[in-house]
1. Of the residues ARG121, ARG188, which single one is charged (D, E, K, R) and over 24 Å from ALA5 (Cα atoms)?
2. Only one of SER142, SER101, SER78, SER69 is in contact with a Phe, Trp or Tyr (Cβ under 8 Å, 6 or more places away or on another chain), under 20 Å from ALA5 (Cα atoms) and of a type in the set (Ser, Thr, Tyr). Can you tell me which?
3. Is one or more of the residues making up the range 77-85 polar (S, T, N, Q) and part of a loop (DSSP other than H, G, I, E, B)?
4. Quickly run through the range 1-20 and pick out the residues that are in a helix (DSSP H, G or I), within 21 Å of SER54 (Cβ to Cβ) and of a type in the set (A, V, I, L, M).
5. What pairs can you find where one residue is in the range 191-205 and under 10 Å from GLN161 (Cβ atoms), the other is not in a helix (DSSP H, G or I), and their Cβ atoms are less than 7 Å apart, with a gap of 6+ or different chains?
6. Is there any pair linking a residue in the range 8-22 that is closer than 19 Å to VAL116 by Cα and among the aliphatic types (A, V, I, L, M) to one that is at pLDDT 90 or above and assigned to a helix (DSSP H, G or I), with Cβ under 6 Å and at least six apart or on different chains, and which?
7. Output the residues belonging to the range 91-106 that are closer than 23 Å to TRP58 by Cβ and modelled with pLDDT under 80.
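The values are calculated or read from the model by the stated rules, or taken from the named source; none is laboratory data. Just so you know, these numbers come straight off a predicted model, no measurement behind them. Cβ placement follows ideal geometry from the backbone for every residue including glycine, while neighbour counts extend to all protein chains displayed.
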Amino acid sequence: MSSVATLRVPASVFVLEEVLSRTSALEVWPLRSIQVDRGTMAPLLWFHGADPTSVEPWLREDPSISDPSCFFSSKNRSVYRVHLNPATDEFMRIFVDDQLSVVGAHGQDGEWALRVLAEDRDALGTLTDVWRRAGLTHTVESVVDCGDISCPTRFGLTEAQHHTLMTAFNEGYYSVPRKTNINELANRFGISHQATSQRLRRGHERLVQNTLLECSTMEFPF
């Protein structure tokens with residue numbers, strides 16, 4: 001069965017060690033457009049948390065990439081296309097060779113978190129064995145079989161969280177004064193007071209994380 005793993009690797013064995021060591025406030029996400037130019041991967045990178053006038057010199061001094069080209073910059077946000085150096089390029093091609101795909105990445109404070117989709121756990125084990133033999137420091141933070149992942153709705157809510165929040169809203173739980181309470185909602189769902197409260201809390205957390213926080217850092221102005 002396919003699995004999704006979260007792996008953590010130091011920037012020193014991956015990419016942008018020089019840039020990510022400058023300030024812990026700087027965050028980096030690769031966008032979903034990755035070109036191959038002259039046989040080398042050339043991803044678009046989204047930077048947040050540092051003035052673009054500082055980011056560009058840092059990129060030019062970082063030996064893991066070359067030819068940074070600015071696509072957009074504003075206040076503390078910018079987008080650059082960079083060319084990966086041969087060592088970094090080879091690191092990424094391991095995923096192609098071993099039937100794994102990087103479906104998400106986030107760099108901050110000298111470290112990268114990679115979300116990796118693997119055909120099965122054997123493929124993931126092969127990857128970590130290759131890294132271990134090569135002396136590449138890494139940490140496997142979590143591995144989840146795809147069959148165990150609940151299907152999210154919009155904004156990352158589970159179906160249960162979405163249903164709970166919508167019912168609470170429609171029944172007047174958020175009205176002033178309230179038209180219903182936790183106990184009445186719990187009776188409606190056929191679950192405990194504690195379970196209802198937990199669904200609401202986790203739903204609120206997901207909404208804040210995937211709307212307010214994500215929009216403040218990842219909402220593209222173009």
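1. Numbers: ARG121 fails: over 24 Å from ALA5 (Cα atoms).
After applying the criteria, what remains is ARG188.
2. On the way: SER142 fails: in contact with a Phe, Trp or Tyr (Cβ under 8 Å, 6 or more places away or on another chain); SER78 fails: under 20 Å from ALA5 (Cα atoms); SER69 fails: under 20 Å from ALA5 (Cα atoms).
So the residue among SER142, SER101, SER78, SER69 that is in contact with a Phe, Trp or Tyr (Cβ under 8 Å, 6 or more places away or on another chain), under 20 Å from ALA5 (Cα atoms) and of a type in the set (Ser, Thr, Tyr) is SER101.
3. Filtering the range 77-85 for residues polar (S, T, N, Q) gives 78, 85.
Going one step further and asking which of them are part of a loop (DSSP other than H, G, I, E, B), we end up with 85.
Yes, the range 77-85 contains a residue that is polar (S, T, N, Q) and part of a loop (DSSP other than H, G, I, E, B).
4. Within the range 1-20, the subset in a helix (DSSP H, G or I) is 11-13, 17-20.
In the following step, the residues that additionally are within 21 Å of SER54 (Cβ to Cβ) were identified as 11-12, 17-20.
Residues satisfying the conditions are ALA11, VAL19, LEU20.
5. GLY203/LEU157
6. Going by the 6 Å Cβ cut-off, the qualifying pairs are ALA11/GLU17; ALA11/LEU20.
7. Across the range 91-106, the qualifying residues are PHE91, MET92.
Residue-wise test of (1) hydroxyl-bearing (Ser, Thr, Tyr); (2) loosely packed, with under 15 Cβ neighbours inside 10 Å; (3) on the phi > 0 side of the Ramachandran plot.
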site: PRO52; (1), (2), (3): no, no, no
site: SER69; (1), (2), (3): yes, yes, no
site: TYR80; (1), (2), (3): yes, no, no
site: THR88; (1), (2), (3): yes, no, no
